[in-house]
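Undergrad: Please read through the structure below; I'll follow up with questions.
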Amino acid sequence: MTLPSVALSLVCSLLIGSLFHLVVDGGAARLLLYMLLSIAGFAAGQWIASSQDLTLLPIGPVQLGPAILGSLVVLIVGHWLSKVNMQSVDHGDTL
């Protein structure tokens with residue numbers, strides 16, 4: 001991939017991550033988490049599209065359709081996994 005396509009991919013994935021953060025509401029740590037998850041999902045979607053020769057919303061070498069889908073899937077799964085409540089584990093009541 002060329003440098004402009006990498007820049008386009010980063011801008012798109014960071015935009016998706018920040019919009020997801022705006023929708024689900026969270027703090028600064030969550031914003032960083034969502035940005036990283038979005039980049040990882042965007043890269044995974046792009047890689048899958050490239051390896052399977054899928055073409056959906058292409059802009060140069062970037063396949064926006066599968067990349068956006070990958071980003072959203074990773075964001076939703078990451079958000080769901082980050083909601084685990086560690087305080088629900090009972091650490092007391094030993095005999």
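The values are calculated or read from the model by the stated rules, or taken from the named source; none is laboratory data. It should be emphasised that the depicted structure is a prediction, and the values quoted were computed from it without experimental measurement. As a convention, Cβ positions derive from the backbone with ideal geometry for all residues, glycine included, and neighbour counts pool all protein chains shown.
Undergrad: Condition test on Ser50, is it of a type in the set (S, T, N, Q), without any contact (Cβ under 8 Å) to a residue 40 or more places away in the chain and either part of a helix (DSSP H, G or I) or touching a Leu at 6+ places or on another chain (Cβ under 7 Å) (or both)? It would help to see each step written out before you state the result.
TA: On the way: of a type in the set (S, T, N, Q): yes; without any contact (Cβ under 8 Å) to a residue 40 or more places away in the chain: yes; either part of a helix (DSSP H, G or I) or touching a Leu at 6+ places or on another chain (Cβ under 7 Å) (or both): yes.
Taking the combined requirement at face value, the residue satisfies it.
Undergrad: Of the residues in region 45-66, how many are among the charged types (D, E, K, R) and closer than 16 Å to Ile16 by Cβ?
TA: Residues that pass the stated criteria total 0.
Undergrad: Confirm whether Ser13 is among the small types (Gly, Ala, Ser) and at pLDDT below 95.
TA: No: the conditions fail for Ser13.
Undergrad: Just to be sure I understand, how many residues within region 45-63 are touching a Gly at 6+ places or on another chain (Cβ under 9 Å) and surrounded by 17 or more Cβ atoms within 10 Å (Cβ to Cβ)?
TA: So the count comes out to 4.
Undergrad: Now a separate question. If I filter region 58-95 down to residues being modelled with pLDDT under 65 and outside any helix (DSSP H, G or I), which single residue comes out as farthest from the chain's Cα centre (by Cα)?
TA: If we take residues in region 58-95 being modelled with pLDDT under 65 and outside any helix (DSSP H, G or I), then Leu95 is farthest from the chain's Cα centre (by Cα).
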